[in-house]
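Right, one structure below, let's go through it.
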Amino acid sequence: MKTLLLTEAANFLKMHPEEVRRRAKSGKLPGAKLGKCWVFILDDLVEHIRSQYSNPRQALRVVSEKEVNICHSTSAVIRGGSRSPHQQESVLDALLAQPTKPRRKNTMTS
């Protein structure tokens, strides 16, 4: 098991040492502060880098008409649909409108 100091870990990660220190301190990078020095295990850094890889995209699959399953549920609800932009604006305006209270009447007596 190989260990790296802060500057070695920064060189390995192609990052500035101060950024590596900040991330290790916040727990975003695997590392430990032993005394006055930060120590990183190379295998942990490699695993951390691999965990940052994006998921492989799945290739589009061509589906034949025979493979298409039709939902025969009687309780299926159709949601969505298109709305006109004006209708959407009025709904949004209603949601964003400030609630107003009725004005108090002057109740001074003479």
Self-check item: Net length gained if the chain between S26 and T100 were fully extended (0.36 nm per residue, minus Cα distance)
Solution: 22.1 nm
Self-check item: Neighbourhood charge, 9 Å Cβ-Cβ cut-off, centred on G31 and excluding it, Lys, Arg +1 and Asp, Glu -1
Solution: +3
Quiz item: Which lysines have a Cα less than 28 Å from the Cα of K14, not counting those fewer than 8 places away in the same chain?
Solution: K2, K25, K28, K33, K36
Self-check item: Share of carbon and sulfur in the accessible heavy-atom surface of segment 1-47 [1.4 Å probe, %]
Solution: 55 percent
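The values are calculated or read from the model by the stated rules, or taken from the named source; none is laboratory data. All values derive from a computational prediction rather than experimental measurement. In this analysis, Cβ positions are derived from the backbone assuming ideal geometry, glycine residues included, and neighbour counts consider all displayed protein chains. The protein model used for the area step is the full one, side chains on, heavy atoms only, and it has no ligands, DNA or RNA in it. Shrake-Rupley method; radii C 1.70, N 1.55, O 1.52, S 1.80 Å.
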